[in-house]
Amino acid sequence: MLEQPTPAKTAGNFTIHYFASASSFTSKDTEMLPAPMRLLELFPALEEKYPGIKDMVLYSCGVSLDGEYVNAEADDGVLIGCGAEVAIIPPVSSG
């Protein structure tokens, strides 16, 4: 069976998921952003869209790209492609 193209794949977007403090700061759980985007450009793009998010939220968050943790501030040439899934994950604690 062939996979049908989803709107995210055909529209040239990727999905970004916000959790906990990131969700509270943006007032969103999920949104679409234009793809492709260099991973290194993600935090500046979010800071432009949500002023203050970098210092108040992102500094302590992990980022995953298609289920794998990545360093969003490393210049390693990683592209967030069309249809990708990015998650902004604040630190979790156990007790």
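The values are calculated or read from the model by the stated rules, or taken from the named source; none is laboratory data. Values in this document were obtained by computation on a predicted structure and should not be read as measured data. Reconstructed Cβ throughout: ideal geometry from the backbone, glycine too, with neighbour counts over all protein chains shown.
Annotations for the structure displayed:
- Taken over region 34-60, the residue count meeting the criterion of being touching a residue at least 40 places away in the same chain (Cβ under 8 Å) and not in a helix (DSSP H, G or I) is 4.
- Answer residue from region 20-75, given it is over 13 Å from the mean Cα position of the chain (by Cα) and of a type in the set (Gly, Ala, Ser) and is farthest from Pro90 (Cα to Cα) among those: Ala74
- The residue list Lys28, Lys9 contains one member that is among the basic types (Lys, Arg) and modelled with pLDDT under 95, which is Lys9.
- Number of positions in region 47-81 that are closer than 19 Å to Glu31 by Cβ and not aliphatic (A, V, I, L, M): 13
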